[in-house]
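The values are calculated or read from the model by the stated rules, or taken from the named source; none is laboratory data. Quantities reported herein were computed from a predicted structural model and do not represent experimental measurements. No Cβ is skipped: glycine too gets one built from the backbone with ideal geometry, and neighbour counts run over all protein chains shown. All accessible areas refer to the heavy atoms of the entire protein, side chains included, with ligands and DNA or RNA removed. Shrake-Rupley method; radii C 1.70, N 1.55, O 1.52, S 1.80 Å.
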Amino acid sequence: MIIKIFKFCLSIVYALLKLLPTNKNKIVFISRQTNYIHVDFDMIRKEISKRNKNIKMVFLCKRMGKGIKEYFLFGIEILKQMYHLATSKMAIIDSYCIPVCCLKHKKSLKILQIWHSIGKIKKSGYQTLDTESGRSKKMAEAMCMHKNYDAIVAGGEAFNKFYEEGFNVKKDVLLNYGLPRIDYIIETSKNKNNKVLEKYPELKGKKIVYYAPTFRTYDVDGPQKLLNAYNPDDFALIITCHPNQKLEINKKGVYHLNLNEFTVADILSISEYVIADFGSISLEAAILKKKTLYYLYDYNEYMTKNGLNLDPKISMTTCSFETIEPIFDIIKKDNYDIKALNEFVKKYLPKKLGQSTKLIVDYIMKHMDNKE
């Protein structure tokens, strides 16, 4: 009942806002992933500005925190979103957005979902209804989860089935362009002035291994086992963790980097090996064909609690292990199955690498140039 009343109130306010004229040169970008303009939005912004400086772009980027004050501030944010949805010709979002999905929009408004992951490795959305890691089916239906999208930017075609299932859509709304961050990663790898090496010049000339564990909602000991087994004489080890993931790191040769200071692209560009598990870092590493190994110490538990569309034990069989010792052995001996990596790249990444931003903006401009 509360949700119905909430949606009814929003619809009344939105009906009034829709009486305002549409600015046919305005695009609104909405994100609840970050409080700043992230790289995907920024790449799109720059490309649009190159093509048409008359287009006005509004960015509404805000994560919802906890507590009464944060809920109140997010309520104000929703009102801002509604105003700009009512007066824009296009909306670009990167996650679920209440006003986008729950309200009835003007026919002139085109909604593009670019989602915040290069591929659909993990199960999400409609795939996880009534599971431990997902929403209840009743709540999803009440909040119109992932409704009203005109198009969705997807990764490689091998993921299409999972995009269809996760968003509950047909294949014809999928655009297999890949995210702009793919272009950013490629461009960063060509940049000679690397931020990490500037701060840590002692890393120059060393074999660098990048470990990027996925955040878990349960306690694990795998990362600590990795640190215990690490020998600083073998290679330099860079680790980045989720803000909510605590890891005691006080070992020589280990660099615990903050992703607020360095981008994943900065770190990948100087790394020879990547140790991944169930996150999208494996796809980002594949863009640069970095030798990726999978440390799946909690494989059974993760599969039970979260579920995967892309199982490393199947997609990268010779590179996946539940203990760290064989991974370190491969790195030390440089005995990596490069054929498996090449097949992974070919199957799971978009076909036109380095053109994601262009293709997305081509789609956007086609609508913006439409005078209807």
Test residue 147 against the criterion of being open to solvent by 30 Å² or more (accessible area, probe 1.4 Å), of a type outside the set (A, V, I, L, M, F, W, C), assigned to a loop (DSSP other than H, G, I, E, B) and at pLDDT 95 or above, and give yes or no.
-> yes
Qualifying residues in region 204-226 (those that are part of a loop (DSSP other than H, G, I, E, B) and not charged (D, E, K, R)) - the one surrounded by the fewest Cβ atoms within 10 Å (Cβ to Cβ) = 205
Out of all the residues in region 232-244, is one or more open to solvent by less than 40 Å² (accessible area, probe 1.4 Å), closer than 19 Å to residue 279 by Cβ, aromatic (Phe, Trp, Tyr) and touching a residue at least 40 places away in the same chain (Cβ under 8 Å)?
-> no
Where in region 151-203 are there helices (runs of 4 or more DSSP H), lying fully within it, with 2 or more residues that are under 17 Å from residue 44 (Cβ atoms) and at pLDDT 95 or above?
-> 180-190
Residue tally, condition surrounded by fewer than 17 Cβ atoms within 10 Å (Cβ to Cβ), touching a residue at least 40 places away in the same chain (Cβ under 8 Å) and assigned to a helix (DSSP H, G or I), over region 346-358 = 2
